[in-house]
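Here's the structure, in structure tokens; my notes come after.
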Amino acid sequence: MKKIFIFSVLIAVFFSCDYYYDDYYYDETTDFSKDISNKQSFYFSTPVALSILESKVVNDTAYYKVGDTLKLSLNLNSIYQENATDSYNIFKSTKATSFYYSLHRSDEIDSDIINLKVIEKYPELTSGELTEEEIQTSPYYKNLYINHDNIKAVLNTETNIYESKIGLVLKKPTGFYDNYRYPLYISTSSYVSNDNYEANSVIINIPIFSSISKSVVYINE
Amino acid sequence: MFVKKTVMKYLIYFYLLTCGMVMGQNSSSIEKPHLENRNEIFIGSNISRYNSMTEIGYEFQSSDHFSLIASATISLFPDDFYYNDDLEKNKFGLNLKGRYYFKYFITHSLFYLFFDNNIKVRHFTEGVLGYGYNSRMISYRYLDNNNDYVLDRKKTNENNVMLSAGVGTKYLLDKKFSFDYSFGIGNHVFSKKPDTVFGYFKMGVGYRF
């Protein structure tokens, strides 16, 4: 009896010893040829890009005035093409109307992040027609500035694209020199993801191809 | 991230309990015959990576060192408790356990405040063969009308057979009542799922007759 018991314990230990750490490499691309039943977060491999709009860049050097806006855009199609063969309907999968990412900038250039869609709708906010006080009391003002940790790409139902249009309003650097080349480095979070943690929802993480590296020279008016 | 929050909470409780008991143990030579009652019914909670369930069972002490246990488990928590943390809910389960008790010793323990001062401590090792009828949320993908993949989640029921082994301690508080806890590691057998290893922690009170 004693021998059988010890033997059964050893067998149990033996069965317990093969262990997989799949989930812990959190940014490993999901392999859909394997069993996905125990995954809630999915990581894709084909990146989307954060690009500069209306750039004033010449030979990797951007020429801006203090107060100018560097415009950036991210477009994520709701039918997402993965690996040139498969396409995923990420809107049907997530039911999410927005995807989130964060943005980081080099310290040398101070800037505010604004929502360009608000500016497009209400151009009087930056046209100079309003005083500083009028701007701050405007009902649209609270939607104008964006926290760098929580930038939304919102679904445009006509085009079926998650769109994010943001602007960096460049402030005067603390150590300001004429004709000095300030390094500008913009990076994002590794992924753009839907922010939904309900048990019956999947979380989709799509990499963002984004490291914008330029020199900025401030030009006098 | 590695250990779910709810499980972590119970592990901390367990750690504090264990520390308290070890520090409270002082050997004594006074003995009382606690092993006369060889039958025991017990109720307890059984927490594992996949489940958190209530366990009711019967233990038969076949000799001074061996005992056999049959128990049933059921979960009393609502579905959301499990699915929101991506855990598996035990709808119903059965366990067969064999225990080997090491030589007992008498101690004053933390229970001294509530019971007499001759508490018999029996460390043991156990092997468990378990069956579970469980439900959980699983992910899957399908092709929609436009030949695009859609990812989705649904609730499924599964039959699992589990084999586990562990160690623990039983405190015979007096002739009638006992308290025990055990912990160990186990795995699903006959399962094709890649990641089925679980740890468990069990705690319960028993009535002996």
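Which members of segment A:189-221 meet the condition of being open to solvent by less than 50 Å² (accessible area, probe 1.4 Å) and of a type in the set (Ser, Thr, Tyr)?
Selection gives A:189, A:191, A:193, A:201, A:210, A:215, A:218.
Does at least one position in segment B:175-186 carry a residue that is surrounded by 19 or more Cβ atoms within 10 Å (Cβ to Cβ) and under 29 Å from residue A:96 (Cβ atoms)?
no
Say whether the condition of being closer than 30 Å to residue A:39 by Cβ, modelled with pLDDT of 90 or more, touching a helix residue (DSSP H, G or I) at 6+ places or on another chain (Cβ under 6 Å) and part of a strand (DSSP E or B) is met by at least one residue in segment B:143-162.
Yes - at least one qualifying residue is present in segment B:143-162.
Only one of (1) farther than 22 Å from residue A:217 by Cβ; (2) surrounded by fewer than 16 Cβ atoms within 10 Å (Cβ to Cβ); (3) more than 14 Å from chain B (Cβ to nearest Cβ) is not met by residue A:160, so which one is it?
Among (1) farther than 22 Å from residue A:217 by Cβ; (2) surrounded by fewer than 16 Cβ atoms within 10 Å (Cβ to Cβ); (3) more than 14 Å from chain B (Cβ to nearest Cβ), residue A:160 violates only (3).
Got at least one residue in segment B:80-87 being at pLDDT 90 or above, touching a strand residue (DSSP E or B) at 6+ places or on another chain (Cβ under 9 Å) and either part of a loop (DSSP other than H, G, I, E, B) or surrounded by 15 or more Cβ atoms within 10 Å (Cβ to Cβ) (or both)?
no
Select, from B:208, B:153, the only residue that is without any contact (Cβ under 8 Å) to a residue 24 or more places away in the chain and among the basic types (Lys, Arg).
Numbers: B:208 fails: without any contact (Cβ under 8 Å) to a residue 24 or more places away in the chain.
Checking each option against the conditions leaves just B:153.
If I go through segment A:111-148 residue by residue, how many of them are among the β-branched types (Val, Ile, Thr), over 14 Å from residue A:71 (Cβ atoms) and surrounded by 11 or more Cβ atoms within 10 Å (Cβ to Cβ)? Break it down into steps so the answer makes sense when it comes.
Our first condition is that a residue be among the β-branched types (Val, Ile, Thr); within segment A:111-148, this holds for A:113-114, A:118-119, A:126, A:131, A:135, A:137, A:146.
If we keep only those that are over 14 Å from residue A:71 (Cβ atoms) too, we end up with A:131, A:135, A:137.
From what is left, the residues that are surrounded by 11 or more Cβ atoms within 10 Å (Cβ to Cβ) are A:135.
So the count comes out to 1.
Check segment A:138-150 and report whether any residue there is touching a helix residue (DSSP H, G or I) at 6+ places or on another chain (Cβ under 6 Å), within 30 Å of residue B:150 (Cβ to Cβ) and more than 14 Å from chain B (Cβ to nearest Cβ).
No.
Of everything in segment B:198-209, what is out of contact with any helix residue (DSSP H, G or I) (no Cβ under 9 Å at 6 or more places or on another chain) and either assigned to a strand (DSSP E or B) or crowded, with 17+ Cβ neighbours inside 10 Å (or both)? Give them in sequence order.
Here is the first cut: in segment B:198-209, the ones out of contact with any helix residue (DSSP H, G or I) (no Cβ under 9 Å at 6 or more places or on another chain) are B:198, B:200, B:202, B:204-209.
Result: B:198, B:200, B:202, B:204, B:205, B:206, B:207, B:208.
The values are calculated or read from the model by the stated rules, or taken from the named source; none is laboratory data. The structure presented is a predicted model; accordingly, all values stated were derived computationally and were not measured. Quick reminder, even Gly has a Cβ in these numbers, built from the backbone with ideal geometry, and neighbours come from all protein chains shown. Ligands, DNA and RNA are stripped out before the accessible areas are found, and what is left, the full protein with its side chains, is counted by its heavy atoms. Shrake-Rupley method; radii C 1.70, N 1.55, O 1.52, S 1.80 Å.
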